[in-house]
Every structure is written in structure tokens, then in C-alpha cells.
1. Can you give the log10 of the normalised intensity I(q)/I(0) at q = 0.16, 0.23 Å⁻¹, computed with Debye over equal Cα scatterers of the range 8-126?
2. Assuming 0.36 nm per residue, please report the length gained on full extension of the stretch residue 121 to residue 61 beyond their Cα-Cα distance.
3. Pulled fully out, how much extra length does the chain show between residue 164 and residue 83, if you take 0.36 nm times their separation in residues and subtract their Cα-Cα distance?
4. Using the number of other C-beta atoms within 10 angstrom as an exposure proxy, rank 70, 87 with the fewest first.
5. Any chance you could run the full-extension gain for residue 106 through residue 33? It's 0.36 nm times the residue separation minus the Cα-Cα distance, nm to one decimal.
6. Please identify which residues in the range 104-120 have an amide N closer than 17 Å to a label point set 7 Å out from the Cα of residue 128, following the Cα→Cβ vector.
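Taken together, the values in this text are just the output of simple stated rules run on the coordinates, not laboratory data. These numbers were taken from a predicted model, which means no experiment stands behind them. Neighbour counts run over all protein chains shown; Cβ positions are idealised from the backbone, glycine included.
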């Protein structure tokens, strides 16, 4: 009776069969996973490079998500600023309207009440504009770091100045409408502010 351990041809056939089986398993693993390198034994250097690239890709994906959040934050701030600009334009319209000599003192009082309400709404909007609970227009949003990439230098510093009605253009908190113009308490930059002086 022939024993396989003493049969050189059979031992060689067994060795090649084992190698072929391993290669087939490796090929099947690659086909099923879609990866050329599944473990360090496949390609240690390639696996290390692949892992490094995977980490970088993940970091950039997070950076892209951070950038998207920043864009959403700026959109929220821009929306409030757009509303505040509309209010400013309305106050200017009221000032021009008040300059008309056909209005009575009571009419001008009503215009002044509307103007004061708009100014209060501007301040309220600035104080309550938030993104994810973070205030944007009250002056506290300063020097915020937005990480946009995988490395320390891949970031943007973002600051939004405090927005208060008294610092916006030529509209102040206390505005008095009069015939031919309006008087404003605050840092008037031109003598005897009147409607014609408003840009």
C-alpha cells in the first residue's frame, strides 16, 4: 500500500493544491469585498498607505460637513440682516413721507410710532438670531474657528460684529419727525440732518 508521506509526487501535488486553495480563497475574498488589500499579509506597505488615505478622506469629509454648517450659519445671519435692511428702508420711507407738509402733528406721531416699533424689532431680531443655540448678531460671535480640512492650518476664523440699531446708517433709537425733515438724537455726522441729507 502506498503512503502519501513517502510518495514525493503526492506530497508535491498536495502542496500545490494547498497553495492553489489559498490563492482561490484570497481571490474570493477580494471579489466579495471589492478590496485588493484585506489584511497586512496581502500588502503591508499598501495597507499602511491605504489606512492613511482613509483617515485623510474621513477628515476632509468632516471638514466639508463643517463648511456646510458654516454656510447654513451665514445664511441664517444673512436672512436676519436682510430683514433688518428692509426695516431700515421702511424707516427712510417714513422720514421722507414725514417731510411732506400735508401731514399733521398727529400724522407724524403715528409715523414716529411705526419707526420706533421698527427700531425695536431690529434690536429684537439682532438679539435673538441664533444658529444651533449660538447667538450670531449680539457681538458674542467673535474669533470662531471653522475647521475645514484634515490639518491644523485648514480652518477659517469667523467673526460677526454686534448689530444694534443705534449703529446702523443714519437711523437712531430716538427719531423725531418734523415738517421738512427729522431730528435725531445720537452721533449725527452732518449738521441739521434733514431728508435731503439721507443717502
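1. -0.92, -1.18
2. 17.7 nm
3. Once the chain is fully extended between residue 164 and residue 83, it gains 27.8 nm.
4. Neighbour counts put them in this order, fewest first: 70, 87.
5. Contour length minus the Cα-Cα distance gives 18.2 nm.
6. 117-120
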